Structure formats: C-alpha cells, structure tokens
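Below is one structure; the comments refer to it alone.
The values are calculated or read from the model by the stated rules, or taken from the named source; none is laboratory data. These figures come from a predicted structure and were not determined experimentally. Glycine gets a Cβ as well: all are built from the backbone with ideal geometry, and neighbour counts include every protein chain shown. Heavy atoms of the whole protein, side chains included, go into the accessibility calculation; ligands, DNA and RNA do not. Shrake-Rupley method; radii C 1.70, N 1.55, O 1.52, S 1.80 Å.
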Amino acid sequence: MSDEISFDDFLKVDIRVGEVVKAEPFPEARKPAIKLWVDFGGDLGVKKSSAQITAHYTPEALIGKQVMAVVNFPPRQIGPVRSEILVLGLPDDKGEIVLIGPDFPVAPGGRMH
C-alpha cells in the first residue's frame, strides 16, 4: 500500500478526459511506444505524449479513443518527444498496459471527480 495522502493532495492532481486525434509509431523509444496527440478541448487544447501501449493498441486504432490523463505534471523529455501529459493505464495479467477511459462518450476536458 502507498503512503496515505490527504483529499486536498488528491485534488491537486488534475486528471482529464481527452480524445486521441493523432497517433504515430515511436521507433526511437528504448521500449516499443506510440506518440500520442490528445485533444482536451477548451484552454488545454491538444497535448503530446508517448505511451508504451503497443501490446494492445496500434496508432490507427487509437484515433478517436477517449483516454484519461494527468495534465498538470511538468513536461518531460522522452528522447525526441516532449511529453506534456501522463496517459493513464493499468497492467493486464502479463504486465502490458491497458488504457483507462470512460465507458460512454463525454465532453473532452472533463475533470475526473
């Protein structure tokens, strides 16, 4: 179990829903990955990231998919990609990442409650 945090600490993490509008292979990555452009609408707009999700996803299949991401971490340089968000997922029984998203379509930019 992780260290306990306060509810106020949790509220500092800004988790939003966005729609993948562009996805490309990321052959320069150390581990197989996909470059993602996720549209959060409104003031956030399109943010870029990369994710090691090639076991379950192809770039083509990701277009239009709604995903959850942390949008208020500082940007991180991952090889030639400046990652602006952290796309969220969970490991399957083999440790491969499965993305987290809403069951039904929701407006881009919606904040997780």
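Numerical summary
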{"item": "Exposed trypsin sites (Lys or Arg not before Pro) absent: longest stretch of the chain, with sites in DSSP loops and at most 11 other Cβ within 10 Å deemed exposed", "result": "31-93"}
{"item": "Accessible surface of the chain, 1.4 Å probe, proportion on carbon and sulfur as whole %", "result": "54"}
{"item": "Centroid-to-centroid separation of segment 89-113 and segment 1-52 [C-alpha atoms, Å]", "result": "10"}
{"item": "In segment 3-43, the GluC sites (Glu not before Pro) that fall in loop regions by DSSP, at most 16 other Cβ within 10 Å", "result": "Glu4, Glu28"}
{"item": "Volume in Å³ per residue [convex hull over Cα atoms, computed for the chain]", "result": "130"}
{"item": "Normalised alpha carbon radius of gyration of segment 60-113 [divisor 2.2 N^0.38 Å]", "result": "1.28"}
{"item": "Length-normalised contact order of the chain in % [C-alpha pairs under 8 Å, at least 6 apart]", "result": "30"}
{"item": "Per-residue [θ]222 nm for the chain (sum of -39500 (n - 2.57) over DSSP H runs n ≥ 4, rounded to 500)", "result": "-1500 deg cm²/dmol"}
{"item": "Segment 16-57, relative contact order [Cα under 8 Å, separation at least 6], %", "result": "35"}
{"item": "Aspartates and glutamates with Cα under 19 Å of Lys35, excluding same-chain neighbours fewer than 8 positions away", "result": "Glu19, Glu24, Glu60, Glu84, Glu96"}
{"item": "Segment 1-102, accessible area per residue, ligands and nucleic acids excluded (1.4 Å, Å²)", "result": "63"}
